[in-house]
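J.: My questions all concern the structure below.
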Amino acid sequence: MAPRALSLLVSLLETSSGRVVEDTLDTADRDAFEVLRETGALVVADDVPVILCPACGDQDVAPRRIAGVLQGLCPDCGYVPITNASLKAWAFDPSWLLGRLRMAFGIAARQDSVELVPGTLWKVGDHKTGKQAHRVLLARRLSEHSVHKAFREALLDKVERDNAVIISTTPKSAAMVSDVSLPFVHLAEIVHLRSGKLELDEERWAWCLKPAHLRSHADSSVFYDGYRAAIVGGEEYSFSVNQALVFEALDGEPGTKRLGSTIMADIGSPQRNPRALFRHNPRQIEGFDRLVAYDDYGFYWLKRR
Ligand SMILES: [Zn+2]
């Protein structure tokens, strides 16, 4: 459940409110939500952002307490009472996340994180490796232009650009940072959530510390951990060793086609075609379908890399 919890936290961080209304959660997200709540990643928010209008079920309304009664103003229905007793919003807690990140990086407890752009960019702390110190930054919602502008300005004014590492909840493909030479990693890629703690992915961190020319070599914005994991649109997918071999066989320029049966023979799999290797796990087949395309002639290719 833990990877799912981190995915839910990431998707929450990518919303402007950073909030979730308990009653509107998908059943699929319930367990992940409980994990986040129990570990303290979420705190009770004072006001609920928006919910579907209880009258028409069509428009978004923002619940407000007016004269002691919870109601919302719907463009279609006018004022509607909101009777849902357990309507409760939860917000991500930046201090929890920053604290767990400092622990994951082994940053001295006396160091405090600093908010560089309100609600969107933080200096987590300075991480020392031998003589070198690296400034660890946390950013969210970098695909939004207003946030992105403030992020750029802070990067110029407040960050020594030679030694910083950017951790973001926005996937690299959406973050408009192709010109930024700093290491840029997705939150779900650099840490793992285990028993309420964030653990640093040492391999990915080692990659961050490499000089730029070594880092860019054979780097994928989607796959990591030797194709055992991928992040698409902020969602993290984990794959088996054999499944990873399929991605490795397909890797190359997006659109470069390979015959499925040849791949299966190459990797020594008895399955008929690459997709068959993923079909038993709903999560893995979803990941496969977001990453791989195929045609009626049995050819397969990557949609992105
Ligand atoms: Zn309505």
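The values are calculated or read from the model by the stated rules, or taken from the named source; none is laboratory data. As the structure is a computational prediction, the values presented were derived from the model and not from experiment. Every residue, glycine as well, gets a Cβ built from its backbone with ideal geometry; the counts of neighbours run over all protein chains shown.
J.: When you go through (1) in contact with a strand residue (DSSP E or B) (Cβ under 7 Å, 6 or more places away or on another chain); (2) modelled with pLDDT of 85 or more; (3) farther than 30 Å from Asp126 by Cα one by one for Asp31, which number turns out not to apply?
T.: The single condition Asp31 does not satisfy is (1).
J.: Which of the residues spanning the range 26-48 are touching a helix residue (DSSP H, G or I) at 6+ places or on another chain (Cβ under 9 Å), assigned to a helix (DSSP H, G or I) and in contact (Cβ under 8 Å) with a residue 60 or more places away in the chain?
T.: Val35, Thr39 - these are the residues of the range 26-48 that are touching a helix residue (DSSP H, G or I) at 6+ places or on another chain (Cβ under 9 Å), assigned to a helix (DSSP H, G or I) and in contact (Cβ under 8 Å) with a residue 60 or more places away in the chain.
J.: Consider Asp23 carefully, then state whether it is part of a loop (DSSP other than H, G, I, E, B) and more than 15 Å from the ligand (Cβ to nearest atom). Show your work before the answer.
T.: On the way: part of a loop (DSSP other than H, G, I, E, B): no; more than 15 Å from the ligand (Cβ to nearest atom): yes.
Criteria not met by Asp23.
J.: Something else about it: Within the range 135-144, can you find the residues that are in a loop (DSSP other than H, G, I, E, B) and not acidic (Asp, Glu)? Give the derivation first.
T.: Let us first name the residues in the range 135-144 that are in a loop (DSSP other than H, G, I, E, B), namely 140-144.
Arg140, Arg141, Leu142, Ser143 - these are the residues of the range 135-144 that are in a loop (DSSP other than H, G, I, E, B) and not acidic (Asp, Glu).
J.: Are there any strands (runs of 3 or more DSSP E) wholly within the range 49-134 with 3 or more residues that are more than 16 Å from the ligand (Cβ to nearest atom) and buried (at least 18 other Cβ atoms within 10 Å of the Cβ), and if so which? Don't jump to the end; show me each part of the working.
T.: On the way: elements: 64-66, 69-74, 78-81, 89-92, 114-117, 121-129.
Passing ranges, in order: 89-92, 121-129.
J.: I'd like to know if the range 183-191 contains one or more residues that are part of a helix (DSSP H, G or I), surrounded by 22 or more Cβ atoms within 10 Å (Cβ to Cβ) and of a type in the set (Val, Ile, Thr).
T.: The answer is yes, given that some residue of the range 183-191 is part of a helix (DSSP H, G or I), surrounded by 22 or more Cβ atoms within 10 Å (Cβ to Cβ) and of a type in the set (Val, Ile, Thr).
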